[in-house]
1. Out of the residues in the range 1-22 meeting the condition of being over 13 Å from Leu48 (Cα atoms) and small (Gly, Ala, Ser), tell me which one is surrounded by the fewest Cβ atoms within 10 Å (Cβ to Cβ).
2. Taking into account only those residues within the range 108-142 that are touching a strand residue (DSSP E or B) at 6+ places or on another chain (Cβ under 7 Å) and small (Gly, Ala, Ser), which is nearest to the ligand (Cβ to nearest atom)?
3. Here is a list: Lys183, Lys178. Which entry is basic (Lys, Arg), modelled with pLDDT under 95 and assigned to a helix (DSSP H, G or I)?
4. Checking Asp159 against (1) over 26 Å from Lys18 (Cβ atoms); (2) away from the ligand (no atom under 16 Å from the Cβ); (3) at pLDDT 95 or above, only one condition comes out false. Which one?
5. Give Arg125, Arg130 a once-over and let me know the one that is of a type in the set (Lys, Arg), in contact with a Ser or Thr (Cβ under 6 Å, 6 or more places away or on another chain), under 18 Å from Ile191 (Cα atoms) and modelled with pLDDT of 95 or more.
6. Report yes if Glu36 is of a type in the set (Asp, Glu), more than 15 Å from Pro193 (Cβ to Cβ) and either within 15 Å of the ligand (Cβ to nearest atom) or under 14 Å from the mean Cα position of the chain (by Cα) (or both), otherwise no.
7. When Thr94 is evaluated against the numbered criteria (1) surrounded by fewer than 16 Cβ atoms within 10 Å (Cβ to Cβ); (2) among the β-branched types (Val, Ile, Thr); (3) within 11 Å of the ligand (Cβ to nearest atom), which criterion, by number, is the only one it fails?
8. Can you tell me how many residues within the range 137-170 are more than 17 Å from the chain's Cα centre (by Cα) and either of a type in the set (A, V, I, L, M, F, W, C) or surrounded by fewer than 13 Cβ atoms within 10 Å (Cβ to Cβ) (or both)?
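The values are calculated or read from the model by the stated rules, or taken from the named source; none is laboratory data. Predicted model only: the values in this text are computed from it and were never measured. Cβ: placed from backbone, ideal geometry, glycine included. Neighbour counts: every protein chain shown.
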Amino acid sequence: MHRIVKKYATFLEKSSNKFREATKKHGVQCKSGCYECCSVGFFDITLLDAIHLRSALKEVPPDTRKRVIAKANEQLDILEKKKAFSRKDPLLKTLPAIDSISRRSAKMSCPALDDNGACLIYNQRPHICRIFGPTIRGPRRAVRLEGCGYFSKDIPEADYPIFDHYNEEKDLQRAMFKKAGRKRLRAVDTIIPAALTLDLKKWL
Ligand code: SF4
């Protein structure tokens, strides 16, 4: 498993670099100080992303790590009280489950967002955090990844081949599930507070 998580870290770096190059080329960098996408509730991240994030937390300075984990636990307590999420069943298995947690956490910010709008786990952040912003479009303007709406220009798929990245990510996920004794990849996700606080390996 360690080897797969390490490969995933390399994949994240590669995907971030490619995306950064594309944003520079097309002049579509996020506005400095904008953190809206980190402050409107929880989106889903893959189980591999979650396991990588938890493992990469050891690179975060201890005080920051403690603070982020404490905030994540506070948020999970609130969500459990509202019966919107359960630590005993932290996987999101369907689109309605993803929609539901996203709606019910809409007033919460990411536990890794500090008071100045900076990401406290920037180098360890999940994949979607690295590639979200401008819309990515394929041929005939087909939407490949819907952006936040603040950009008037897009990134063409030719400059950020998102499906190639997704395929690479899926190969690593497949390897992770295989290692855990599964025959095929499971379409299960979770949320950042769960990734920061729970050992999700046992949910493979
Ligand atoms: S991990 Fe960082 S970039 Fe991602 S939502 Fe949280 S604060 Fe934002």
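1. In this case the residue turns out to be Ser16.
2. Ala112
3. Lys178
4. Going through (1) over 26 Å from Lys18 (Cβ atoms); (2) away from the ligand (no atom under 16 Å from the Cβ); (3) at pLDDT 95 or above one by one, Asp159 breaks only (1).
5. Arg130
6. So Glu36 passes the test.
7. (3)
8. The qualifying residues number 12.
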